[in-house]
1. Can you work out D for the range 146-228 in µm² s⁻¹ from Stokes-Einstein, where Rh is the Kirkwood radius over C-alpha pairs, the temperature is 20 °C and the viscosity is 1.002 mPa s?
2. Chymotrypsin sites (Phe, Trp or Tyr not before Pro) within the range 186-217: which are DSSP loop residues with at most 14 other Cβ atoms inside 10 Å?
3. Averaged per residue, what accessible surface does the range 156-213 expose to a 1.4 Å probe, in Å²?
4. Apply the Karplus parameterisation 6.51 cos²θ - 1.76 cosθ + 1.60, with θ equal to phi minus 60°, to every residue of the range 128-143 and state each ³J(HN,Hα) to the nearest whole Hz, in sequence, with x for glycine and proline.
5. Hey, how many Å between the Cα centroid of the range 121-166 and the Cα centroid of the range 181-228?
6. Could you tell me which GluC sites (Glu not before Pro) in the range 161-219 are loop residues by DSSP with no more than 14 other beta carbons within 10 angstrom of their beta carbon?
7. Per-residue counts of other Cβ atoms within 10 Å, averaged by peptide: what ranking do you get for 142-148, 173-179, 128-134, highest first?
8. Under 5 Å between amide H atoms, partner at least 5 residues away or on a different chain: which partners does Tyr223 have, H built in plane at 1.01 Å?
Amino acid sequence: MQRCWTAMLGAIAICGLTAAASLAAPTEPPKESTGQDTIVIPSDDEPGMIDEAAPSDDEAEPEGEVSTPEITGPPPTVEYDPNKLPPPVKRLREQLLEAAVTGNLERLRPIFEANQEIPVLGTDDNDDPIAQLKALSGDPDGREILAILIEVLDAGYVHVDVGTPEEMYVWPYFARYPLDNLSGPQMVELFKLLTAGDYEDMKIYGTYLFYRVGIAPNGVWKYFVTGD
């Protein structure tokens, strides 16, 4: 799964550089020659010039995925104890883990049916959430995606957007934590989920881009997605 994730980020970067090079081509008509070569250096404010280092809007927010809010202020408090979760959130997390360890995606179906809504899964190609997860997995039985779900829910979590309609418990906490503030032990935790190469790619975008889970305080499963 990590190799697929790295290849996807590499493809995005190549497409962005190709588009930027095409848009930055000069559009002014050629000037009459004066017999001397003249080098014109465009200013940073000249229209039509594009910063190739900055990702485009299409790259930053892929369609059909939950957008991660910009991280501002002090880092949120990271929790590891599931007993600190509200009972509905704790119960749903336990149900998800119990279903995932069976290796059978169908064990998640009762959880989807009991949920008040179908959580965002990063794809809307099929109305069946089990089929959606199977399509996201690297293997035909969906066991890779179940393994990812376990890894994510075993990580530390954060309680964010408290007192707002978007209040949520989010796993792993990296989804709402500044990547450049991670300590040595936190980096080890991060590498349980992805590779060092994936991390370097994510630093370009300034945010964690791998799978994350969001559960509302009332125990409603809101999303299980990857991307920004």
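The values are calculated or read from the model by the stated rules, or taken from the named source; none is laboratory data. Small disclaimer: the values here were computed from a predicted structure and weren't measured. FYI the Cβ positions are ideal-geometry reconstructions off the backbone, even for glycines, and counts take in every protein chain you see. In case anyone asks, the SASA skips ligands and DNA or RNA and just uses the protein heavy atoms, side chains included. Shrake-Rupley method; radii C 1.70, N 1.55, O 1.52, S 1.80 Å.
1. Translational diffusion coefficient: 163 µm²/s.
2. Details: sites: Phe191, Tyr199, Tyr205, Tyr208, Phe210, Tyr211; in loops: Phe191, Tyr208, Phe210, Tyr211.
Counting only loop positions with at most 14 other Cβ atoms within 10 Å, the chymotrypsin sites (Phe, Trp or Tyr not before Pro) in the range 186-217 are Phe191.
3. 41 Å²
4. 8, x, 5, 5, 5, 5, 5, 5, 7, 7, x, 10, x, 9, x, 6
5. 12 Å
6. Glu166, Glu167
7. Ranked from most to least packed, the peptides come out as 173-179, 142-148, 128-134.
8. Residues meeting the amide H criterion: Val120, Gly214.
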